[in-house]
1. Which whole-Hz ³J(HN,Hα) couplings does the stretch A:232-248 yield from phi under the Karplus relation 6.51 cos²θ - 1.76 cosθ + 1.60, θ = phi - 60°, glycine and proline marked x?
2. Solvent-accessible area per residue for chain A at a 1.4 Å probe radius, Å²?
3. Are there any GluC sites (Glu not before Pro) in the stretch A:161-267 that are in a DSSP loop and have at most 16 other Cβ atoms within 10 Å? List them by number.
4. Highest mean first, what order results for A:3-13, A:273-283 on Cβ atoms within 10 Å?
5. Before rounding to the nearest 500, sum -39500 (n - 2.57) across all DSSP H runs of length at least 4 in chain A and divide by the residue total; then give [θ] at 222 nm in deg cm²/dmol.
6. Please label the shape of the stretch A:76-208 as rounded, prolate or oblate, based on the square roots a ≥ b ≥ c of the eigenvalues of the alpha-carbon gyration tensor (a/c under 1.5 means rounded; beyond that, a/b larger than b/c means prolate, else oblate).
7. Expressed as a whole percentage, what fraction of the accessible surface of the stretch A:187-275 belongs to carbon and sulfur atoms when a 1.4 Å probe is rolled over the protein heavy atoms?
8. What FRET efficiency would be calculated for the residue pair residue A:39, residue A:100, taking the C-beta separation as r and a Förster radius of 41 Å, to the nearest 0.05?
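The values are calculated or read from the model by the stated rules, or taken from the named source; none is laboratory data. If you're wondering where the values come from, they're calculated on a predicted model, not measured in any experiment. Cβ placement follows ideal geometry from the backbone for every residue including glycine, while neighbour counts extend to all protein chains displayed. Side chains are part of the model used for accessible areas, which takes the heavy atoms of the whole protein and leaves out ligands, DNA and RNA. Shrake-Rupley method; radii C 1.70, N 1.55, O 1.52, S 1.80 Å.
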Amino acid sequence: MDLARPDLRPDPSLSRQEMESLQREIAAAAAFDDDHALDPAAVAVESAASLADGLPPARPDAVANETLPGTGGAVEESGVPTVVGVDQAFRTDRAGDRPDAAVSAAVAFRDGTVVEYASATTPLSIPYIPGLLAFREGEPILAALDALDAEADLLVCDGSGRIHFREAGLATHVGVLCDVPSVGVAKSLLCGEPDEPTAERPAGWRTPIRADDAVTTAEPGTVIGHAFQSRQYPNSRRVNPLYVSPGHRVSAESAVDLVAALCAGYKLPEPTRLADAHAERAKGDAE
DNA sequence: GCGACAG
DNA sequence: ATCTTGTCGC
């Protein structure tokens, strides 16, 4: 898989200042609006996969359709868009403490079912630094996408997109480098302010997240994402909402609509949930 | 100086 | 993210 923007791919030796200015370039290259309206109904996942007996098998015939020569992507090929969830697990060295390598997983969905699994193991370069997550996890994700035969029409990333100090979170970083529509799904809020308090909301509830002073590249008040209650228990309301934001080529509104369509009864959207499980499995296989 | 922040 | 048993509530 060749990158659409190799010029924006970070060099491992960048200083912190250089990483931050690269993020401003990436944000400037990002499109936070809808281009070819990807219909949430076309990517919806109707039933949640059971993980009790391991991961479901990939539907055998589907990937072959996408790898026919001379095709321009999955949608052109079959009319059915491909959604790819990406997530990672971390392997620790035998001494037992420091994370040693990232195990990235990419899981492709079409018609609500898994069509392909891929993974890659990548040595870790820099530690986790809030705001610079993409420099730790971006390359591992690209490696997993490289190992995937399917062409993604939408990437679902585990982390923020536009909800970021410089509007260039992980989902934006990966989406722009690949020039693929992407959304970010985070379990906690990095920056920005919800319009309404998010505690104890019923399933389906959502509220805009607006840029605050921590977002240095946007006018305060700009809608940069949404809090979205993907799941809730009827009586005891203890599930925290997701924080969904556009990565690239998707609006804030479409990003939540797409994620809502990809959720099938669990807190996390199915592509993310299965990518998480596949990353765990791949990590275990290597040990 | 304090705060505060995805995974 | 990761280290981990039980426990409470769907």
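1. 8, 8, x, 9, 8, 8, 10, 6, 7, x, 8, 10, 9, 9, x, x, 7
2. Working: 12720 Å² over 287 residues.
Result: 44 Å² per residue.
3. Values: sites: A:167, A:200, A:253; in loops: A:167, A:200.
Hits after loop and neighbour filter: A:200.
4. Details: A:3-13: 11.9, A:273-283: 22.1.
Top of the packing list down: A:273-283, A:3-13.
5. Working: 8 runs with 78 residues, N = 287.
Calculated mean residue ellipticity at 222 nm is -8000 deg cm²/dmol.
6. Values: a/c = 1.71, a/b = 1.05, b/c = 1.63.
The shape class here is oblate.
7. Values: 1730 of 3770 Å².
For the stretch A:187-275, the apolar C and S fraction of the accessible surface comes to 46 percent.
8. On the way: r = 42 Å, r/R0 = 1.01.
It comes out at approximately 0.50.
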